[in-house]
Amino acid sequence: MNRILVIDDEPSLIMIFEEFLTDIGYNVKTASSGKEALNILESEPPPNLVLVDLKMPGISGKMVVENMRQDHLLSQIPIIIVTGSVKNGNDFPPDGTYQAVIYKPFRLEEVLEMVKKHI
């Protein structure tokens, strides 16, 4: 069963992602902060895909992506950014470090399409 790590500081979005992705057959792990996400990535088997919000207090989603790309065990995991930020802002990690962007507000069909494409 494919594992997905969902990283977002909004509890309602975590709940939506977890319920939706679990219902269609994915094993979902969640983190409500960048720090929690990095702890999970360091201590558990790597996920098959990461969905990450960019703007979070403390360790941002951008920092999570950059840390993953510097770790040889995590560097090839597909990353989908889920954000309300504009791409030309400083919140985004460098091009080529993530596979796709889903802009908030989003449709669950769009999330499913991106997950299936990149897992």
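The values are calculated or read from the model by the stated rules, or taken from the named source; none is laboratory data. The model shown is predicted, which means the values in this text are computed figures rather than measured ones. Virtual Cβ from ideal backbone geometry, glycine too; neighbours counted across all protein chains shown.
Residue selection: Leu74 satisfies the criterion of being modelled with pLDDT of 95 or more, surrounded by 15 or more Cβ atoms within 10 Å (Cβ to Cβ) and under 18 Å from His118 (Cβ atoms). Can you confirm whether Lys55 is without any contact (Cβ under 8 Å) to a residue 60 or more places away in the chain, in contact with a Gly (Cβ under 6 Å, 6 or more places away or on another chain) and surrounded by fewer than 17 Cβ atoms within 10 Å (Cβ to Cβ)? When the stated conditions are applied, Lys55 does not pass them. Figure legend. Inter-residue proximity from the range 13-29: first residues over 15 Å from Phe106 (Cβ atoms), second residues in a helix (DSSP H, G or I) and modelled with pLDDT of 95 or more, beta-carbon distance below 8 Å, spacing 6+ or different chains. Indicated pairs: Ile24/Leu112; Tyr26/Val115; Val28/Phe17; Val28/Glu18; Val28/Leu21; Val28/Thr22; Lys29/Ile40. Ser12 satisfies every condition listed in (1) assigned to a helix (DSSP H, G or I); (2) small (Gly, Ala, Ser); (3) in contact with a helix residue (DSSP H, G or I) (Cβ under 7 Å, 6 or more places away or on another chain); (4) farther than 19 Å from Met114 by Cβ except (3).
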